[in-house]
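Single-structure report; data block below.
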């Protein structure tokens, strides 16, 4: 793998996103100690004591691109001249990422999902979108993972331009009213005749996957297993998605906290962990104690 490759994370706004990103960075370094990890964050929210997992920190003003729409600027934010892997902060890494970099090294841009031929409304007005871009299928993917070469793709630049037609084409806005990176990038792909790569569940799994019937993970041992549509996988990356507010994710984050001796008594860290769950630190501690058998 090129020394110019690396992983880019984003954290801005609420403090809980910083602790999520720090735990993700720790998990990356556990399995990929030589892989550079950079954090892009806002100017006013940096918690310096949380930044030890990063090789580089980039400060940026996210006010013009609130919420998830900020992700269409990762080409501007990355410090890596080769391949950049973006992973959503509510994810954890359980294995070496080298094979993913190698698998897509021939492509300038990678989003993982499927191409759909829906009609009606599916996060956007499918009929109107297909007519506008003169396409038969629409790229559908989760924006929890992007892989791109910094100087060889115009996808993000085109995605930024799609803001002017976002509402016109019936695109649903994300939580908080921001434009969705998934819709902006999908329109950019369609404008250039591109599609998405099929999502390989051995690489990345979202706990929102349709057909999931079993899940287990332990970030300390890196053991993990998911069963989707009767097929078993050991994914390299798990995206907890909406489960980031539930016990599956919190158990893993508590394992991370307990393994970091310099954070084990850090009240700020524990308070931020409680913020992920949306409860007070004391309630979080009591809640986690009930699940102590899960944490070894």
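Values in this text are rule-based calculations from the coordinates and carry no lab data. Please read these numbers as outputs of a predicted model, since none were measured by experiment. Here the Cβ is made from the backbone with ideal geometry for all residues, glycine too, and neighbour counts use every protein chain on show.
Some notes on this structure:
- When each of the peptides 114-121, 234-241 is scored by how many other beta carbons lie within 10 Å of its residues on average, the order from highest to lowest is 234-241, 114-121.
- Coordinate range of the alpha-carbon atoms in the stretch 107-199 per principal axis, descending: 34, 28, 21 Å.
- Ordering 85-96, 66-77 by mean Cβ neighbour count within 10 Å, with the highest value first, yields 85-96, 66-77.
- Sorting 97-107, 182-192 by their mean Cβ neighbour count within 10 Å, with the most densely packed peptide first, gives 182-192, 97-107.
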